[in-house]
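I have placed the structure first, in the form of structure tokens, so that the comments after it can refer back to it.
The values are calculated or read from the model by the stated rules, or taken from the named source; none is laboratory data. Quick caveat: nothing in here was measured; it's all calculated off a predicted structure. Here Cβ is always computed from backbone atoms with ideal geometry, including for glycine, and neighbour counts include all displayed protein chains.
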Amino acid sequence: MKEKKTLITEIYQILYKRMGPQGWWPADSKVEILLGAILVQNTNWRNVDQSLTKLRQETNFLPENLLQLSLPQLQSLIRSSGFYRQKSRSIVATINWLAENKWDYQAIVNQFGSRLRSQLLKLPGIGQETADVLLVYVFDQVEFIADHYTRKLFNYLGYQANSYQQLKQQLNLPASFTYQDAQELHGLLDEFGKKWLKNKTDFENSFLFLELKKNKI
């Protein structure tokens with residue numbers, strides 16, 4: 001097997017060449033990304049989209065409007081995403097934390113540096129995957145997002161990837177990656193996964209597997 005960082009680069013290049021830029025995360029602002037990242041936990045994007053539509057209508061995703069929502073209001077708006085009580089507490093805690101830091105994402109990065117991930121994990125309802133999504137898409141940091149499709153892909157490639165942390169411990173993004181590369185890779189892997197990672201047979205018939213095989217990876 002190729003050196004791990006070379007493998008990630010090769011996968012990225014093959015997917016990008018074949019599929020083109022994906023423009024992920026599907027949102028118009030960092031506030032919308034933040035809300036979507038929390039709401040999508042343990043549900044599908046269709047349900048999240050309903051919640052985001054209601055939140056947009058009610059607040060236009062303006063921080064000051066979000067902060068003015070009562071907890072019952074917020075829970076009602078996000079009910080379609082499930083676990084709405086837990087998710088509402090997570091949203092309130094996160095937006096209050098950002099408000100304390102004046103919603104200055106770069107200042108937050110400068111303040112916490114390499115400790116930012118652990119700081120995010122201290123917020124209620126922010127797990128490892130959500131923290132990494134926020135790092136990549138809200139704080140413009142280079143981080144590997146070992147989500148469901150990514151773990152499935154690397155399992156098929158021979159890695160032991162039974163949990164989020166297990167794959168994170170094995171893989172890092174190449175030093176040459178920018179945060180834009182990290183964003184694009186995640187989007188490509190998810191879009192690829194929806195079509196080609198339903199099972200191992202589908203994957204072994206995919207352009208990615210055939211290209212990796214041809215390159216003797």
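A few remarks follow.
- If you go through region 186-200 and pick out every residue that is within 14 Å of PRO26 (Cα to Cα) and surrounded by 22 or more Cβ atoms within 10 Å (Cβ to Cβ), you end up with 2.
- LEU67 being assigned to a helix (DSSP H, G or I) and modelled with pLDDT under 95: yes
- Of all residues making up region 186-217, the number that are more than 21 Å from GLU143 (Cβ to Cβ), part of a helix (DSSP H, G or I) and of a type outside the set (Lys, Arg): 11
- Whichever residue in region 94-108 is among the aliphatic types (A, V, I, L, M) and loosely packed, with under 15 Cβ neighbours inside 10 Å and, among such residues, is nearest to PRO72 (Cα to Cα): ALA99
- Boolean, SER114 is buried (at least 16 other Cβ atoms within 10 Å of the Cβ) and either part of a helix (DSSP H, G or I) or of a type in the set (Lys, Arg) (or both): no
- Subset of region 171-185 (residues that are loosely packed, with under 14 Cβ neighbours inside 10 Å, assigned to a helix (DSSP H, G or I) and touching a residue at least 24 places away in the same chain (Cβ under 8 Å)): none
- Subset tally (residues that are buried (at least 18 other Cβ atoms within 10 Å of the Cβ) and assigned to a helix (DSSP H, G or I)) for region 136-148: 2
- In region 37-51, the residue that is farthest from ILE91 (Cα to Cα) out of those that are free of Cβ contacts under 8 Å to residues at least 24 places away in the same chain and in a helix (DSSP H, G or I) is ARG46.
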